[in-house]
Amino acid sequence: MALDSKIPNGPISDKWTDYKDHINLVNPANKRNLDVIIVGTGLAGGSAAATLAELGYNVKAFCFQDSPRRAHSIAAQGGINAAKNYQGDGDSVFRLFYDTVKGGDYRSREANVHRLAEVSTNIIDQCVAQGVPFAREYGGLLDNRSFGGTLVSRTFYAKGQTGQQLLLGAYSAMNRQIGRGKITMHSRHEMLDLVIVDGKARGIIARNLVTGEIERHSAHAVVIASGGYGNVFFLSTNAMGSNATAAWKIHKKGAFFANPCYTQIHPTCIPVSGDHQAKLTLMSESLRNDGRIWVPAKLEDAKAIREGKLKPTQIVEADRDYYLERRYPAFGNLVPRDVASRASKERCDAGFGVNKTGEAVYLDFAAAIQRYGKEQAHIKGLDGNDAEVIVKLGTDVVANKYGNLFQMYEKIVDENPYATPMMIYPAVHYTMGGTWVDYNLQTTIPGCFSIGESNFSDHGANRLGASALMQGLADGYFVLPYTIGDYLSPDIKMGPISTDSPEFAAAEKGVKEQIEKFMNNNGTQSVDHFHRRLGKIMWDKVGMARNAKGLNEAITEIAALREEFYKDVRVPGTDKGFNQELEKATRVADFLELGELFAKDALHRNESCGGHFREEYQSADGEAQRDDENFAYVAAWEYKGKPSDAVLHKEDLIFDNVKLVTRSYK
Amino acid sequence: MTFDLKTFKFKKMKLTLKIWRQKNAQDKGAMVDYQIDGIEPDMSFLEMLDVFNQDLMGKGGEPVAFDHDCREGICGMCSLYINGEAHGPDRKVTTCQLHMRMFNDGDTITIEPFRAGAFPVVKDLVVDRSAFDRIQHAGGFISVNTSGNTIDANTIPVNKQDADDAFDAATCIGCGACVATCKNSSAMLFVAAKVSQYALLPQGRIEATDRVLNMVHQMDAEGFGNCTNTGACEVECPKGISLENIARMNREYMSASMKG
């Protein structure tokens, strides 16, 4: 099957407008006769559910949490990009488009990214109208800050809780439609299979997580908005429940899975503290606006710090290595995430790490506190030479910008980050890969769409900060509502889809059999036992730096682990009610397949690009070496029974508007 | 001194856990005593429960069910009434951000679900908080469609103080600690936070009258109790939502009732 990305013809800046002018529409009276299932209620799913219901479709929304408001978009901290150019610093739709394509290391689809940049400004207008309380300046207008990989300030924010405020905005829009009866909300439900009738997605099989009942739900189209698969690493900044099951089930039913190896390892997370650790916590990239990253310049100082004999504040300026500022003078601490993460790893591998495990670097706010303190002293007419006054005033400014993040750090680490530098280390955060979709956000299964983090389309091999929120809301509020209408227009006379068909019965049977198998397995090890082992293989061999030998080992080890899992996993309790171990078992079963495809994809991509760093392909100074001649394509994998048999399909990436050059932040 | 403190903190703890076990909504439920050893001070409270559950399963038992998801204190999914306090003894944290360094070797820790008539138990420590969602369905929104053609975001300047106060109210995570803490099981702080967020913004003023009446009506219909101004909710709120929001909602309600 040849991949057709369905990119409209014409100049890039006209594509989306022309597309919208020529698609088929569904009239308001007919929308009432069409049902849409949406799986996941984060920024993408929540915004899509609200918008489709406003348009008049009957929406059936599903989330595994107890309320749509809990989706993990809520934990996004720093902000959302939009090409508003409110700062007058030279921003534009083209520049946001360009930064995103370059930031993604030239592995994303130009037309999708340009559309994203175009609708970015609508998102801010929409959210303000919804009552999202963005940060404002004293004059009452919206404030902005900078994020990595850009030279302008285009990021809108609400302290360190931007994701929370945007999600609650989408949730409020959903609530209005739930109140009107246009959205039927199924909380504490998990999708366990897709139902295809006559070649089209027509429903799902879901488990009611409270009663244990297996339910059939039908619709004219199914939208997957279930987020990313970072939890394949066990330890990540994803929520404990974040999983790939919905995305993996559609993959097994025919949706191609694209670029699974593109994973974002975020540079600023709280380091691992012990074996008991269940998840990792992010410290927002926005902190790099004001925090400076460093390690000791001398090996003996780093050793003394690790042994608790020296404190970071005792190391004088000349003995510190601000390695990002040293290596990348143009972007400094605001280089993109993949670059910053690799640079941390390089320093720690060389022996300069600063915590017990040797895997941490400093993020230091002392200079920012001084700078802001002096500015405030000047504004207030106070003594600019009084050290105590300066620190107090500066601390207040920093607290106002990042207060909740500093508090979170202090609660976890038990150290005061205003007085001593934070310790940070990279951790798995986001997955750029995901279900392959065309320009319509439709997967290779007709009627099955994929939006937000669960698709692959906009971020290439590396996502820029504050772009995930932008993409989630762009897909849900402004893109899918058009493209799905075009798909649904022939279905207006179809009437409700029956759930009594043999296709529903077969899918339900498969789900029930899998659950029965787990319940009757009588193994000896818990689900977490296998999940942790999978995570360790992934982190050690498919993590921040990869090589052919390690990837080959990972593929063999994951396949063996999967076999052992099915033989020896133990799921206690009953499937006829609330059972969190059973929930985990079905999710980890899918991660055990996805992990193998992930490693296979990483092995086939003989180049380094963005978040995918192959040790064999680097320059003398350790920078990633892309191979545009052989790898400027999307790798879309077709399921053929097991991950090792997956078949590769290539979508060539064509760059008409951006020139491919070596990505440099120097 | 610092060194001694650190050494002390890395000592492993032995604890007695008294945990509420209840098979399902129909089951009567009871407190059950357990012992656990080897707990490190750097563990979060929920990581302690993870370790405990793995241990329990290893002995053939059924793990204790508890709600949790982001483990960063923002999703509002985790709950737990620990030693008589919602989210435990620390302040301005959710249970997932509570760390074992708040406890001592040999302690007995009592763990119960959030208890309120409007929050029925699902299993063990998991409760049903969908009443909160239904209050939001009644009015927790601004009626504006997603056209993408609203006015430019900077057309209406908003006083920074009002915007900041609206933000502070909007940081409510809907965990239900206020209800669990209140002797009347009142949801006033939760409802007031949403009413305040919109009342403080020009975009939200347009529907302010209907919103407060509808949300308060739904709050009463869900069976939450009345507010008697004890202020316990503000103390236990992990996000520090201020009682001022309740005062603001009362003003809004009063003026709306007169208009209505």
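Close contacts from region B:19-36, counting a first residue that is within 16 Å of B:PRO120 (Cβ to Cβ) and within 12 Å of chain A (Cβ to nearest Cβ) and a second that is surrounded by 12 or more Cβ atoms within 10 Å (Cβ to Cβ) and not basic (Lys, Arg), with Cβ to Cβ under 7 Å and a gap of 6+ residues or different chains, come to B:GLN22/B:GLY29; B:GLN22/B:VAL121; B:GLN22/B:ASP124; B:ASN24/A:GLY577; B:ALA25/B:PRO120; B:ALA25/B:VAL121; B:ALA25/B:VAL122. On inspection, A:GLU388 fails the criterion of being without any contact (Cβ under 8 Å) to a residue 12 or more places away in the chain, in a helix (DSSP H, G or I), over 21 Å from A:ASN333 (Cβ atoms) and within 14 Å of chain B (Cβ to nearest Cβ).
When restricted to residues that are within 19 Å of B:ASP152 (Cα to Cα), at pLDDT 95 or above and hydrophobic (A, V, I, L, M, F, W, C), region A:139-172 contains 5.
For region A:451-478, the set of residues classified as under 11 Å from the mean Cα position of the chain (by Cα) and part of a helix (DSSP H, G or I) consists of A:GLY452, A:GLU453, A:SER454, A:ALA468, A:LEU469, A:GLN471, A:GLY472, listed by residue number. Screening A:PHE256 against (1) within 21 Å of A:LEU167 (Cβ to Cβ); (2) more than 14 Å from every other protein chain (Cβ to nearest Cβ) leaves a single unmet condition, (1). Among residues of region B:153-172 that are at the interface with chain A (Cβ under 7 Å from one of its Cβ atoms), those with a beta-carbon under 6 Å from a residue that is surrounded by 21 or more Cβ atoms within 10 Å (Cβ to Cβ) and in a loop (DSSP other than H, G, I, E, B) at least six positions away or on a different chain give the pairs B:ALA163/A:PRO133; B:ALA166/A:PRO133; B:ALA166/B:LEU200; B:ALA166/B:LEU201; B:PHE167/A:PRO133; B:ALA170/A:PRO133; B:THR171/B:LYS239. For region A:187-205, the count of residues that are within 9 Å of chain B (Cβ to nearest Cβ) and either β-branched (Val, Ile, Thr) or part of a strand (DSSP E or B) (or both) is zero. For the condition under 30 Å from B:GLY29 (Cα atoms) and more than 7 Å from chain A (Cβ to nearest Cβ), B:VAL179 qualifies. With the structure loaded, tell me whether A:THR499 is surrounded by 15 or more Cβ atoms within 10 Å (Cβ to Cβ), over 26 Å from the mean Cα position of the chain (by Cα) and among the hydroxyl-bearing types (Ser, Thr, Tyr) or whether it fails that test. Yes. Filtered by the rule that a residue be within 8 Å of another protein chain (Cβ to nearest Cβ) and among the charged types (D, E, K, R), region B:39-75 gives B:GLU40, B:ASP42, B:GLU47, B:ASP50, B:GLU62, B:ASP67, B:ASP69, B:ARG71, B:GLU72. Summed over region A:122-148, the residues that are β-branched (Val, Ile, Thr) and under 17 Å from A:GLY465 (Cα atoms) give a count of 2.
Among the residues of region B:131-150, those identified as more than 7 Å from chain A (Cβ to nearest Cβ) and either in a loop (DSSP other than H, G, I, E, B) or without any contact (Cβ under 8 Å) to a residue 12 or more places away in the chain (or both) are B:SER147, B:ASN149.
Within the span defined as region B:211-218, one or more residues are within 14 Å of chain A (Cβ to nearest Cβ), within 26 Å of A:ALA135 (Cα to Cα) and touching a residue at least 24 places away in the same chain (Cβ under 8 Å). Here A:PRO572 fulfils each of the conditions (1) away from chain B (no Cβ under 14 Å); (2) surrounded by fewer than 20 Cβ atoms within 10 Å (Cβ to Cβ); (3) free of Cβ contacts under 8 Å to residues at least 40 places away in the same chain apart from (1).
Name every residue in region A:163-187 that is without any contact (Cβ under 8 Å) to a residue 40 or more places away in the chain and within 19 Å of the chain's Cα centre (by Cα), in order of residue number.
If the condition is that a residue be without any contact (Cβ under 8 Å) to a residue 40 or more places away in the chain and within 19 Å of the chain's Cα centre (by Cα), then A:GLN165 is the only one that fits.
Just wondering, is there one or more residues in region A:586-606 that are within 14 Å of chain B (Cβ to nearest Cβ) and out of contact with any Cys (no Cβ under 8 Å at 6 or more places or on another chain)?
Taking region A:586-606 first, the residues within 14 Å of chain B (Cβ to nearest Cβ) are A:587.
This time we only want the ones that are out of contact with any Cys (no Cβ under 8 Å at 6 or more places or on another chain), so: A:587.
Yes - at least one qualifying residue is present in region A:586-606.
For A:ARG95, the conditions (1) basic (Lys, Arg); (2) assigned to a helix (DSSP H, G or I); (3) over 28 Å from B:PRO157 (Cα atoms) all hold with the exception of (3).
Against the condition among the hydrophobic types (A, V, I, L, M, F, W, C), buried (at least 19 other Cβ atoms within 10 Å of the Cβ), in a strand (DSSP E or B) and touching a residue at least 12 places away in the same chain (Cβ under 8 Å), how does A:LEU393 come out, does it pass?
Details: among the hydrophobic types (A, V, I, L, M, F, W, C): yes; buried (at least 19 other Cβ atoms within 10 Å of the Cβ): yes; in a strand (DSSP E or B): no; touching a residue at least 12 places away in the same chain (Cβ under 8 Å): yes.
No.
Condition first: facing chain B (nearest Cβ under 8 Å) and touching a His at 6+ places or on another chain (Cβ under 6 Å). Can you find one or more residues in region A:161-173 that meet it? No. On inspection, A:VAL232 passes the criterion of being crowded, with 24+ Cβ neighbours inside 10 Å, more than 12 Å from chain B (Cβ to nearest Cβ) and in contact with a Leu (Cβ under 6 Å, 6 or more places away or on another chain).
The values are calculated or read from the model by the stated rules, or taken from the named source; none is laboratory data. Being a predicted model, the structure only gives us computed values, none of them experimental. Neighbour counts run over all protein chains shown; Cβ positions are idealised from the backbone, glycine included.
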